[in-house]
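Here is the structure we will look at, set down as structure tokens.
Values in this text are rule-based calculations from the coordinates and carry no lab data. Not measured: the values here are computed from a predicted model. When we count neighbours, we look across all protein chains shown, and the Cβ atoms used for this are built from the backbone with ideal geometry, even at glycine.
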Amino acid sequence: MEQARRAYWEGKRVLYLCYNHNVAQYVQYQFEKDHVFIEAVTLHALMMRTCDIEWSPDLNQSFYEKELPTAFMKAENASEYDLVIIDEGQDLLTNTYLECIDRIVHDGLSNGTWSVYYDPNQNIFNSYDQLDSMIKKLRKETHAISWRLHINCRNTKQIANANILMTNIPNQGKPTVSGPKVEYHSYNSKEDERQKINAIIRKIKDCGAIGNDFIILSRYTLTNPKNGLGRSGLDRDLGTLKTTDVLWKSKKTDVRFSTISGFKGLESKIVILIDVDHFSDEDTRLLNYVAASRACAMLYVLYDCNAEQERQNMILSGFTQVGT
């Protein structure tokens, strides 16, 4: 965001592009709060607006990945920008999307000004091979230069190390701040998990946490029977479950919930990760990595007791990667 602000103050026309609608809302809010008139928008929303297409729940993956980009490439009213910043690059670096982005960068990707920020470990929608191929293509065709993140400014050492042990995925950057130990709680049934979720919320609220301080994350939606909380699982005296609108902004009495994918790219002081039923398969490792890395100060992990051996195996194999 700082790069975008500086370019705006230099009089340039700037676009902040991302994949997640919640991230776009959050960044737009920050710009408006600072009286910086930069648009933050998802690539899909930008293309739909350009093509004068209204959102519908009937729009499927094929529409977003094929039909919409095709329509956008034919549109005659696509705007150009002096600087395009691409956040969540791991989700947007495909041949099709890059062709669309090339249209909105003044002088194109080869000669224009743009930046891509990405975390390969949060690549939950595409393959590692595809992302690596696209990065190499950008370097070759546009002479782009890469920088690696050396400092982890979000997570404490305890959270970063716990993430490595839980997922065996190395962190992007070294954490510099210490914090409380990560807490693990196993459950033997969904009712047992529900009670433990409520106990954790009660404890952190008694310690002074309010709605904006914590969030519950799960790979499952609240309507999925595998979700340990569900729509009616929160004890009434603990507040109101918030699942819609802006998840990064809430009332003191709100208890925020999101799927892991829905909160990707955002952060919270405290994360309560629930419904961890496995640890070792690749999809689960990536989702657990994304969830744990959202936590800035404290992380709670609630997992199925039947996955205990999996957890121990991951800890043993990840131990050598943990920093001091």
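Descriptive notes on the structure:
- Computed per residue of the chain from DSSP H runs no shorter than four, each worth -39500 (n - 2.57), the mean residue ellipticity at 222 nm is -10500 deg cm²/dmol.
- Out-of-range pairs (alpha-carbon distance over 27 Å; input 190/264; 74/264; 181/264; 190/249; 242/264; 157/251): 74/264; 190/249; 157/251
- Sparse packing (at most 16 other Cβ atoms within 10 Å of the Cβ) combined with a DSSP loop state is found for the following GluC sites (Glu not before Pro) in the range 34-105: 54, 76, 80.
- Long-range HN-HN contacts of residue 42 with modeled amide H, under 5 Å: 18
- This ranking places 135, 169, 216 by how few other beta-carbon atoms lie within 10 Å of each, fewest first, which gives 135, 169, 216.
- Cα pair count fraction exceeding 17 Å, expressed as % - the range 69-165: 58 percent
- Zero-based 20 Å bins, Cα pair distances in the chain, whole percents: 29, 57, 14
- Contact order, relative form, for the chain: 17 percent (alpha carbon pairs under 8 Å, 6 or more residues apart, mean separation divided by residue count).
- For the range 182-277, the list of trypsin sites (Lys or Arg not before Pro) that fall in a loop by DSSP and count at most 13 other C-beta atoms within 10 angstrom reads 226, 231, 251, 252.
- Near residue 244, once Lys and Arg are set to +1 and Asp and Glu to -1 for all other residues with Cβ below 14 Å from its Cβ, the sum equals +3.
- The range 43-106 and the range 218-260 have Cα centres separated by 31 Å.
- Local net charge near residue 220, Cβ-Cβ under 10 Å (Lys/Arg +1, Asp/Glu -1): 0
- Mean Cα-pair separation over length for the range 1-155, i.e. relative contact order, pairs under 8 Å, 6 or more apart, %: 21 percent
- Computed over neighbours whose Cβ is under 12 Å from that of residue 205, the net charge equals -2, Lys and Arg +1, Asp and Glu -1.
- Where the Cα pairs of the range 193-324 fall when distances are cut into 5 Å bins, in %: 2, 10, 20, 24, 21, 12, 7, 3, 0
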